[in-house]
Amino acid sequence: MVKVRDLGLGFNSDEIVLFKYCSGSCHRARSNYDLTLGNLLRQQLITPGPQERVLSHPCCRPTRYEAVSFMDVQNTWQTVEKLSAAECSCIG
């Protein structure tokens, strides 16, 4: 449960909404790509640049989203599409 204004989307509202998100480990879903990339990184045969973050495993991400509706301080209903996670899966 978070305040709408804390979402960082520019809406001025004191309403509290349910923001669902994905988390968790995806090590069981590792593909040959993930295994190879991890091995090459460990051997330092691939060296990421200073601004790069290379992950050698899939990550848990939303695969379906829900819209969230709320009332702003001007008493106007607002709806933000694709805001809250409805389903999660290992992506990568």
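The values are calculated or read from the model by the stated rules, or taken from the named source; none is laboratory data. From a predicted model like this one, the values you see are computed outputs, not experimental measurements. In this analysis, Cβ positions are derived from the backbone assuming ideal geometry, glycine residues included, and neighbour counts consider all displayed protein chains. Protein only, heavy atoms only, side chains kept; ligands, DNA and RNA dropped before computing areas. Shrake-Rupley method; radii C 1.70, N 1.55, O 1.52, S 1.80 Å.
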Practice problem: Identify, from the list Ser89, Ser23, Ser31, the residue that is surrounded by 12 or more Cβ atoms within 10 Å (Cβ to Cβ) and either free of Cβ contacts under 8 Å to residues at least 24 places away in the same chain or in contact with a strand residue (DSSP E or B) (Cβ under 7 Å, 6 or more places away or on another chain) (or both). | Solution: Ser89
Quiz item: Residues in region 71-86 that are open to solvent by 50 Å² or more (accessible area, probe 1.4 Å), of a type in the set (Ser, Thr, Tyr) and either outside any strand (DSSP E or B) or touching a residue at least 24 places away in the same chain (Cβ under 8 Å) (or both): how many?
Solution: 1
Exercise. For Val68, state whether it is surrounded by 15 or more Cβ atoms within 10 Å (Cβ to Cβ), β-branched (Val, Ile, Thr) and touching a Ser or Thr at 6+ places or on another chain (Cβ under 7 Å).
Key: yes
Exercise. Within region 39-53, identify whether any single residue is open to solvent by 50 Å² or more (accessible area, probe 1.4 Å) and within 19 Å of the chain's Cα centre (by Cα), and answer yes or no.
Key: yes
